[in-house]
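**Q** Quick one: this structure, given as structure tokens, is what I'll be asking you about.
The values are calculated or read from the model by the stated rules, or taken from the named source; none is laboratory data. These figures come from a predicted structure and were not determined experimentally. We place every Cβ from the backbone using ideal geometry, glycine too, and count neighbours over all the protein chains shown. The protein model used for the area step is the full one, side chains on, heavy atoms only, and it has no ligands, DNA or RNA in it. Shrake-Rupley method; radii C 1.70, N 1.55, O 1.52, S 1.80 Å.
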Amino acid sequence: MPRFVLIPSPFVGAVSWHATAAALPDAIACDYGGVSAPDWYDGMARRIVAQCDARPWIAVLHSGAGGFAPAIASAAAHLAGVIFVDAILPYPGKSYSENAPADFIAQLRRVTIDGNLPPWNKWFEADPLPRLFPDSAAREAFARDLPRVPFAFLEAVSPDASGWENLPAAYVQLSSAYDMEARDAERRGWIVRRARLHHLAMASEPEKIAELLSGLP
């Protein structure tokens, strides 16, 4: 049976998946070291594949990591499927900034300091972490793992590859912010599961996320 490889968004750390990895048999939370120039996508894909491609595996992509699917599928020999968890869908041949709303990218540009985005929880007027993580220890651990991503990543172009589209795929929606992506997944004929949780529920409610992932794609 293929193992789940839980891949975090480039804007949060691998600690976001640790609890869910513990709740799933034979799953791993993949720490790929973030994204970096010059090979923003291909370098990330090579680091992921180096950790898990010795046997069949399923890439479980959270949030912004959804855009990694083309690069990962191109680099892997044993990728057996893809699951998008409250994630954007791939944008091959385009950049993250071209795929996102212009006002959102403008907001991120305004808060960029010395070429780097602030930690994810500082993107907003009010820090969402106290609401999402009532437990202070869990909240602090998550916050410590948040990276400072270079703004240039948002302008890097994803590989124009289509191999990922030939793989079994599924979508798990956790929050209303991803209504459009879940509907798109349904139009593609994928299995779609929905739960009234929140965007980072893999860190705060791992058993529920493990149950949602079970049997997919």
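**Q** Mind listing whichever residues of the range 164-193 are of a type outside the set (A, V, I, L, M), open to solvent by less than 40 Å² (accessible area, probe 1.4 Å) and assigned to a helix (DSSP H, G or I)?
**A** W164, Y178, E181 - these are the residues of the range 164-193 that are of a type outside the set (A, V, I, L, M), open to solvent by less than 40 Å² (accessible area, probe 1.4 Å) and assigned to a helix (DSSP H, G or I).
**Q** Just one of the numbered conditions (1) closer than 23 Å to R196 by Cβ; (2) part of a loop (DSSP other than H, G, I, E, B); (3) of a type in the set (D, E, K, R) is not true of R148; which one?
**A** Result: R148 passes all but (1).
**Q** Sticking with this structure for a sec: Restricting attention to the range 21-40, report how many residues are under 14 Å from the mean Cα position of the chain (by Cα) and of a type in the set (S, T, Y).
**A** Total satisfying the criteria: 1.
**Q** Check off (1) in contact with a helix residue (DSSP H, G or I) (Cβ under 8 Å, 6 or more places away or on another chain); (2) over 22 Å from R148 (Cβ atoms) for A50 and give me the number that stays unchecked.
**A** Among (1) in contact with a helix residue (DSSP H, G or I) (Cβ under 8 Å, 6 or more places away or on another chain); (2) over 22 Å from R148 (Cβ atoms), A50 violates only (1).
**Q** I would also like to ask the following. What residue, of F142, F124, is within 22 Å of G67 (Cβ to Cβ) and not in a loop (DSSP other than H, G, I, E, B)? Before you say what the answer is, go through the steps one by one.
**A** Values: F124 fails: not in a loop (DSSP other than H, G, I, E, B).
The match here is F142.
Residue-wise test of (1) more than 16 Å from L200 (Cα to Cα); (2) not charged (D, E, K, R).
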position: R109; (1), (2): yes, no
position: P118; (1), (2): yes, yes
position: F153; (1), (2): yes, yes
position: V172; (1), (2): no, yes
position: Y178; (1), (2): no, yes
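**Q** Limited to the range 202-217, what total is found for residues that are over 19 Å from G81 (Cβ atoms) and either open to solvent by 40 Å² or more (accessible area, probe 1.4 Å) or without any contact (Cβ under 8 Å) to a residue 40 or more places away in the chain (or both)?
**A** 4
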